[in-house]
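The values are calculated or read from the model by the stated rules, or taken from the named source; none is laboratory data. Note that the structure is predicted; figures quoted are calculated from it, not measured. Neighbour counts are summed over all protein chains in view; Cβ atoms, including those assigned to glycine, are modelled from backbone coordinates with ideal geometry. Just the protein is used for accessible areas: all its heavy atoms, side chains included, with ligands, DNA and RNA removed. Shrake-Rupley method; radii C 1.70, N 1.55, O 1.52, S 1.80 Å.
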Amino acid sequence: MPALRRKPIVAIDGPAGSGKSTVAKLAARAAGLQFVSSGAYYRAVALLAVRGGVAATDEAALTALADGVNLRFTTDDDGAVRAWLNGDEVTDALREPAVEQMASTIAVIPPVRAHLVRKLREYGCDGGLVMEGRDIQTVVFPDAEVKVYLTASVEERARRRWEELRARGETVSYAAVLDEVNARDARDTARDAAPLRAAPDAVHISTDGRSIAQVVAAVLALLPA
Ligand code: DC
């Protein structure tokens, strides 16, 4: 009897602004797989910390929050993905600048990562999902059927981020956003705990000069038949 094959896991990693989240959502929808943002887990712990007045230096409290976090995703008919934290919708709250800053800070704390990696593995243990993040193909699911490392130039990623912020009505200069993206890259790649890097067998795809549809098609072409 042939071995039972789980449904595939597609691991998409890359730096902030590379288009991971957009590409992962569309690829998941097209392939009938569940979309999971691992960054949302780090943001969810950050949101609980911000709401609860927990300091970024209080590792014990942050670790306890990570241990208790219960995040789920649902997809609307139009493809919009909603995040639910311990039963409450937190889709917009997870994108607040204070939460984003805190997420980047707590992501370097090893016991916080250990809890979140465990939860992400539990979420994905049956396969059938597209998970995006920084360490999905190297740490969370090193045996994922498909590993994609998405890249884009830092200028392009800063431009996307700047446009996103302006669309939200925030007044910020492109130069400031470029500095912020550079700083975040440095934190994400230089940290000791699960730094951002591609798996040796990852397929590298640059989103510079490619449409979203072209990148999604390139990811879908990697799925097992
Ligand atoms: O992808 P994102 O912007 O939602 O991620 C939020 C933060 O969490 C970001 O600073 C990087 C961190 N993160 C991480 O360390 N490991 C992951 N697998 C996903 C995100």
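Model label sites at Ala30 and Asp126, defined 7 Å from Cα along the beta-carbon direction, differ in position by 2.6 nm.
Note that the stretch 111-209, at 10 °C in a medium of 1.306 mPa s, gets a Stokes-Einstein diffusion coefficient of 103 µm²/s from its Kirkwood radius over C-alpha pairs.
Would you work out if the stretch 160-225 is rounded, prolate or oblate? Take a ≥ b ≥ c from the square roots of the eigenvalues of the alpha-carbon gyration tensor; rounded if a/c is under 1.5, else prolate when a/b is larger than b/c, oblate otherwise. Oblate shape, in that a/c is at least 1.5 and b/c is the bigger or equal ratio. For the peptides 121-131, 206-216, the ranking by packing is 121-131, 206-216, with the highest mean count of neighbouring Cβ atoms within 10 Å listed first.
Please work out how much length the chain gains when fully extended from Asn70 to Ala176, using 0.36 nm per residue of separation minus the C-alpha to C-alpha distance, in nm with one decimal.
34.7 nm
Placing dummy labels 7 Å off each Cα toward the beta-carbon, the span from Asp185 to Asp201 is 2.9 nm. Each 5 Å bin from 0 upward holds the following percent of the Cα-Cα pairs of the chain: 1, 7, 14, 18, 21, 18, 13, 5, 2, 1, 0, 0, 0.
For the chain, give the percent of accessible area contributed by carbon and sulfur heavy atoms, probe 1.4 Å, rounded to a whole number. All intermediate terms of the calculation are to be shown ahead of the outcome.
Values: 5930 of 10860 Å².
For the chain, the apolar C and S fraction of the accessible surface comes to 55 percent.
Solvent-accessible surface of the stretch 1-107, averaged per residue with a 1.4 angstrom probe and all protein chains in place: 47 square angstrom.
Computed extension gain for Ala217 through Thr57, at 0.36 nm per residue and net of the alpha carbon distance, reaches 53.4 nm.
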